[in-house]
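Report on one structure; see the data block that follows.
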């Protein structure tokens, strides 16, 4: 073996060792296997069971009230055209009003006028007594003693009356200049010329 082979052999051995180490250090990547949930998802249907009422499609929206009257009870919501809701009962003595299921209001019930909706075919609704009308909020009153002590003793202050100012008359100016006879400008020039001429003649005569 010559000197050239002796220098190349260690390099080859080093490369072989590195390749072997790289092969032994390789690890297979972990595979995450998530457990799939079991069970069936419940199907939600929007068709209520039992008698229903449906808003007339030709009507844009219908107001519903807390009782079977639009005068004695406040409005609590609306139903839009084509909407279907469960029907519960009719008002005794006011059969045109139908009690419906309407979540989100006290008791989850409300009333709709029957002429604006159509009842499902073959539905028979029981009659229900008309609910009591809501109690109006009490009107606050003033304590008579307090009124006599404070309000009754106050004397109304009379507002000052408005007096319009006197009319302002515009000032007038009188032309007090008197007309004076005007001297023609040409006459003044002629007179000055004559005076200058006479002065020149006198000066000439004195010089002689």
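Please treat every number below as a calculation from the coordinates, not as lab data. Keep in mind that this is a model prediction, so the values were computed, not measured. We place every Cβ from the backbone using ideal geometry, glycine too, and count neighbours over all the protein chains shown.
Approximating the spin labels as points 7 Å out from Cα along Cα→Cβ, the residue 204-to-residue 72 distance works out to 13.7 nm.
At 0.36 nm per residue, minus the direct Cα-Cα distance, what do residue 128 and residue 13 gain on full extension? Give it in nm, one decimal, please. Let's see the in-between values first.
Values: separation 115, 0.36 × 115 = 41.40 nm, distance 10.11 nm.
The span from residue 128 to residue 13 would gain 31.3 nm if fully extended.
Can you tell me the order of 124-133, 161-170 when each peptide is scored by its average per-residue count of other Cβ atoms within 10 angstrom, highest first? Intermediate results must be reported in sequence, preceding the final value.
Values: 124-133: 12.3, 161-170: 5.3.
Per-residue Cβ counts within 10 Å, averaged per peptide and sorted highest first, yield 124-133, 161-170.
Please state the relative contact order of the stretch 52-120 as a whole percent: Cα pairs under 8 Å, 6+ residues apart? Normalised by residue count, the contact order of the stretch 52-120 is 37 percent. The Cα-based radius of gyration and maximum Cα-Cα distance (Dmax) for the stretch 52-120 are 10.7, 29 Å.
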